[in-house]
Every structure is written in C-alpha cells, then in structure tokens.
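A.B. asks: Have a look at this one.
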Amino acid sequence: MHEIIKPINLKFAVEKLIAGELVAFPTETVYGLGGNAFENSVVEKIFAYKNRPKKNPLPICYKDFETAACDVFICESAKKLAEKFLPGPLTLLLKRKPDSKISEIACAELETICVRIPSHPIAQKILSMIDFPLAVPSANKSTKISPTSAQLVSENLYEINDLTIIDGGQCNIGIESTIVDLTGEQPKILRQGAISEQEIFEKCGMRFEKISSPAFKHYVMQKKIVANATKAEKNDALLAFGKPFDNCCRHFLNLSESGDLNEAAANFFSMLQELDKTDAEKICIMSIPNMEIGISINDRIKKAIENN
Ligand code: TXA
Ligand code: MG
C-alpha cells in the first residue's frame, strides 16, 4: 500500500529521498514523482515505476536557479525568463555542463537538461532540505493523465508498493509547466502549459519558433473524447464549461460554471479521469476558449483524441 502522509511530516519524506527512495509530492502544476537526480539506480526506479521509455528524459527540479547553474550553461534569455517567472511553472531546456553530476540516464544521454524550479511550498521545502536535485516527472504511469491530487497519484501508481505520497491537496494550476527550449538559435516552445506564449511575450518580449510536437504518447484515455461538443446523448458523459446546453446525460461535470479558465484548468485532469471511470459511452467536452491557459487545455484535449 502507499503511505500517504501529511506535509507536516516532510522530514520523513526527506529521509526516504536521502535513502534513495522515491517520493511523490505536489507542485503548483501537477504531482511529481521525485528521486535523487545524481543516482543512476534511483533514476532507473523512476523509469520503471512509470513504465517510461528510457529515451524520454526526466526534468530536473532545483530549489533555485543559482543551484541549477552548477549543471547548465545560463544564457541571456534564460536569465531574463528566470527573473520574471521562476520559481514557477516555466521549465527551461538548457545545455548541460560537461562536469554536471546529473545522471546521464535521467537525461536520456542527451547534452541538455530540462530545469524546473517549482514554486509550491511543499516542493520548495523538500528541495531546501536536501543537497541534491531531484528528477521529477509527473507522478503517473507513462501515457496516462498527470495527477492533480494525492488520491489520483495513488490510483495511477497502484501497482507500486513502497511509495510515499505527500498529500498537499489539489494542485492550484492543474496543467503541466510550459517548456521552453533555449538550446538552439531561436527559442522554441516544446510544450504549451501553465504560462502562455502571450504572457512570456508581454513580460520578456520573447517570441518563439513553431512548436515541435513531442514524440511520446500522452493522455491516453479509456473512453472516446468529443471536443467542442454542442450536444450529448443520455449514455454520454458531459464535461461542461460555463453554462451547459440542455442535456440528459447521466454523468455531468462542469469545469467552471462561471467560465473561468484558471478554474477549468485546475479541474480539468481530475474531472476527465472521473468521467473516464464511469460507464458512459463517450466524453463530450464543450468548447474551451482558445486563450490564456485555455490554449493548453485544448492542446491536452487534442492529444487525448489523437492517442485514443
Ligand atoms: O509541470 C511539470 O513540468 C510537471 C511537474 C511534476 O513538475 N512535470 C512534468 O514532467 O510534466 P514530465 O516528465 O511528465 O514532462 C516533462 C517533459 C517530457 O515531455 C520530457 O520529454 C521533456 O520534459 N524533457 C525532459 N528533459 C528533456 C530534455 N533533456 N530534452 C528534451 N525534452 C526533455
Ligand atoms: Mg508527464
């Protein structure tokens, strides 16, 4: 069984990490599965627990940007972005320093490192209590939806016996961090996420090259998904946004009755998973405005449909 602990017991979790074990904990975006990023054997456990392809590198969490600078070269763009957005839900892909001690297995033998500085107080506290960075992918089985609560982590990783999960309630943001690749001539967005391109442009004046789509499967669901739904049948599940259209569905949830995109993002993964567990024939999702974090919600819906 999983040991779900309260955040007052962080020392217990930190001892596990120091002993080379894995701990799942909340970040401001989604729950992560963390382990010592310097240790090959620990990192291998992360890949195994998640059933993640070894070619898919793990992001590395640091307590602050200064600490990350031990492992990566910091370019001017990185400095600018860090000043405006870190700690927070913006992950930076940077060139690895030759003397970095980060496990090469964690980085899939690449010469880059995905640097994440989470702002969540529990993640921050853990990182400040250890003297090594953590490899922290989302705490779900590979291809599945990212968990936004301790309960969802436990359901997702139910096969793993010896896992400690820190219950820090529901994640505020609910969608993964935005990933910016600063290793090439032009900055690129590798993954749309919690921070929109528009917000980065407004704060840093930075524009990005065309988005390259990741090669790995994500957000695989049991049920068929219909996007931009304007009707739903009795046997369907309806995931509404704002005022719902008349429906007679047995299963119904609303992402945000008031039409608030941030509220919708925070509810999105958990509601989708809840409806996926019902006996509905398909899940009909109402149209989500393609702006701000709505862009990232729509990106996840598109991927769930593509991988269905
Ligand atoms: O919000 C988040 O970023 C969450 C929370 C837990 O921090 N983490 C998360 O991790 O979403 P994960 O592993 O599910 O997604 C990280 C993405 C993966 O798509 C991976 O391919 C990419 O980052 N990535 C990591 N290291 C990379 C590298 N060196 N080069 C290119 N992509 C990399
Ligand atoms: Mg993930």
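A short reminder: the numbers here are calculations on the coordinates, not readings from a lab. From a predicted model like this one, the values you see are computed outputs, not experimental measurements. Neighbour counts run over all protein chains shown; Cβ positions are idealised from the backbone, glycine included.
A.B. asks: For the chain, what is the calculated [θ] at 222 nm in deg cm²/dmol (nearest 500), taking -39500 (n - 2.57) for each run of four or more DSSP H residues and dividing by its residue count?
C.D. replies: -8000 deg cm²/dmol
A.B. asks: In what order do E109, E281 fall by count of nearby beta-carbon atoms within 10 Å, going from fewest to most?
C.D. replies: Least crowded to most crowded, the residues run E109, E281.
A.B. asks: Hey, another quick one. Antiparallel versus total DSSP beta bridges in the chain: what percent is that, nearest 5?
C.D. replies: Working: 17 of 39 bridges.
Of those bridges, close to 45 percent are antiparallel.
A.B. asks: Please compute the volume of the convex hull spanned by the alpha-carbon atoms of the chain and report it per residue in Å³.
C.D. replies: 124 Å³
A.B. asks: Let me check against my output: what whole-number percent is the relative contact order of the range 214-308, with C-alpha pairs under 8 Å and at least 6 apart?
C.D. replies: Computed over the range 214-308, the figure is 40 percent.
A.B. asks: Find the relative contact order for the chain and round it to a whole percent, using C-alpha pairs within less than 8 Å whose residues are 6+ positions apart.
C.D. replies: 20 percent
A.B. asks: May I pose another question? What is the magnitude of the charge dipole of the range 1-115 about its Cα centre, with +1 placed on the Cβ of each Lys and Arg, -1 on the Cβ of each Asp and Glu, and no other charges, expressed in debye to the nearest 20?
C.D. replies: It works out to roughly 220 debye.
A.B. asks: What is the projected area of the convex hull of the Cα atoms of the range 1-82, averaged over all directions, in nm²?
C.D. replies: Taking a quarter of the hull surface, the average projection is 7.1 nm².
A.B. asks: Taking the Cα centre of the chain as the origin, how large is its charge dipole in debye, to the nearest 20, when only Lys and Arg (+1) and Asp and Glu (-1) carry charge on their Cβ atoms?
C.D. replies: So the dipole magnitude of the chain works out to roughly 460 debye.
A.B. asks: If you don't mind, there's one more thing I want to ask. What's the exposure ranking of F268, F245, going from fewest to most Cβ atoms within 10 Å?
C.D. replies: Sorted ascending by nearby Cβ count, the order is F245, F268.
A.B. asks: With axes computed from alpha carbons, what is the tilt in degrees of helix 40-50 against the longest principal axis of the chain, rounded to the nearest 10 within 0 to 90?
C.D. replies: Value to nearest ten degrees: 0.
A.B. asks: Please give the direction-averaged projected area of the C-alpha convex hull for the range 37-125, in square nanometres with one decimal.
C.D. replies: On the way: hull surface 23.3 nm².
Orientation-averaged projected area of the Cα hull: 5.8 nm².
A.B. asks: How much net charge surrounds A232 when only the other residues with a Cβ under 11 Å from the Cβ of A232 are counted, with Lys and Arg +1 and Asp and Glu -1?
C.D. replies: So the surrounding residues net to 0.
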